[in-house]
1. Between residues in segment 310-325 that are touching a residue at least 40 places away in the same chain (Cβ under 8 Å) and residues that are hydroxyl-bearing (Ser, Thr, Tyr) and assigned to a loop (DSSP other than H, G, I, E, B), which pairs lie under 7 Å by C-beta distance while being six or more apart or on different chains?
2. Would you check which residues across segment 213-241 are under 16 Å from Asp181 (Cβ atoms) and without any contact (Cβ under 8 Å) to a residue 60 or more places away in the chain and list them?
3. Could you list, in sequence order, the residues of segment 97-133 that are of a type in the set (S, T, N, Q) and either free of Cβ contacts under 8 Å to residues at least 40 places away in the same chain or surrounded by fewer than 18 Cβ atoms within 10 Å (Cβ to Cβ) (or both)?
4. Quick check on my filter: what residues within segment 21-58 are more than 22 Å from the chain's Cα centre (by Cα), β-branched (Val, Ile, Thr) and at pLDDT below 95?
5. For segment 93-117, enumerate the residues that are at pLDDT below 95 and either touching a strand residue (DSSP E or B) at 6+ places or on another chain (Cβ under 8 Å) or hydroxyl-bearing (Ser, Thr, Tyr) (or both).
6. In this structure, does Pro41 turn out to be part of a loop (DSSP other than H, G, I, E, B) and exposed (fewer than 15 other Cβ atoms within 10 Å of the Cβ)?
7. Test Asp83 against the stated conditions and say whether it is part of a loop (DSSP other than H, G, I, E, B) and free of Cβ contacts under 8 Å to residues at least 24 places away in the same chain.
8. Could you give me the residue pairs with C-beta distances under 6 Å whose first residue belongs to segment 12-29 and is touching a residue at least 12 places away in the same chain (Cβ under 8 Å) and within 15 Å of Pro262 (Cα to Cα), whose second residue is surrounded by 14 or more Cβ atoms within 10 Å (Cβ to Cβ) and among the hydroxyl-bearing types (Ser, Thr, Tyr) wherever it lies, and which are 6+ apart or on separate chains?
Amino acid sequence: MPGDHGFNQAKHGHFDRITVMELLKNAGYTVGHIGKWHMGPDRADGTYGIDDIRVIGGGIQQRRGRDESIYSEAIKFVEKNRDKPFYLNVMGVVTHAPVTPQQRLIREAGFSKLAIDRKKFAGSQLQNVFDDIELHGGDINDSMASYLTEVYFLDVFIGELLDKLDELDLAETTIVAFTSDQGPAISRFKKTPVSRKDLTLVGWSGGLRGQKHEEYEGGVRTPFILRWPGQVPGGKINELSHFSALDWLPTISRIAGLPIEPTDFHGEDVLDIWLGSDRSRNQPLFWMNSMKKDNWRLYFRGSSSVALELYDLSTDPGETTNLVKKRPEVVMALARLWTQWQKEIPENTWWKSTSESGGT
């Protein structure tokens, strides 16, 4: 979330800040939001320019898993608005806790006889999770089967939505973006007794350090998958570029031909990256206690902004070797950018007095 808002948007909303939904609504788009809602207390239609708001939490007793009603409503929205420009947020709850799919769904997904080879996850945060699961009487095969079942049905639901766009001949004129807000959540077993739902958060960051609520790469780097036939190269995997959710509004505005003042936003137009370029955004990215510029990641602790950790992601994506002492010139250059950014943040911002552990 942009640091200079001075408030937590998930709890308090966006107030008078312009949103991409409002920009598109003013340009003639029909705007919808279906699923989880983390944009303040007001959920009435019309909020932030959204015509149709359906807050759905995702019931665990649905026939094919928790997100089934979310995606079925999304398909209805597309069918209803097929003949006019539309913008739709589809925000599911999978794989947010509790991950407790019914046994029949595990069987249907084909994971009832799953056998985990722990060696394939060597060196990752999952090893400690596996140890904790077994320490509390759980079975790592059962835990992974539950988690993968939810991911499987999420994939099914997304496939059905894409098929509907194909069926309605909307695929080539509709941009579909899939992403997440954070890295995998990890059970911490803070309470006893431990139940099944405490043992099934086994998301994997692919060997990156960190997890949800942490600022290491495993906590903030998430998938970003685009489908836009004829525009976005099919099958291309970009492992070089980095950009942010901050860039969503300027990029969508560019595509939709909406006039905005670039200096009013922290985000950048990264349409060329979407279309196949391997460059990264021009400006650094900042979090509560860290920053990223190019391939460098610098972490701070405390109000004194003393750098504790520096990593070169081009050679050390797992952030294992702290280069603070070896590359002081990089630390100084990045710290100057950090200091300048801090000066732009209001003193009353909601996170400036939070603890060092931080997270977004």
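The values are calculated or read from the model by the stated rules, or taken from the named source; none is laboratory data. Because the structure is a prediction, the values reported are computed rather than measured. Neighbour counts run over all protein chains shown; Cβ positions are idealised from the backbone, glycine included.
1. Glu319/Tyr216
2. Here is the first cut: in segment 213-241, the residues under 16 Å from Asp181 (Cβ atoms) are 213-225.
Within segment 213-241, Arg221, Thr222, Pro223, Phe224, Ile225 qualify.
3. Listed by number, the residues that qualify are Thr100, Gln102, Gln103, Ser112, Gln127, Asn128.
4. Thr47
5. Hits for segment 93-117 are Val93, Thr95, Thr100.
6. Numbers: part of a loop (DSSP other than H, G, I, E, B): yes; exposed (fewer than 15 other Cβ atoms within 10 Å of the Cβ): yes.
Criteria met by Pro41.
7. Yes.
8. Pairs that qualify, where the first residue is touching a residue at least 12 places away in the same chain (Cβ under 8 Å) and within 15 Å of Pro262 (Cα to Cα) and the partner is surrounded by 14 or more Cβ atoms within 10 Å (Cβ to Cβ) and among the hydroxyl-bearing types (Ser, Thr, Tyr), are Thr19/Tyr48.
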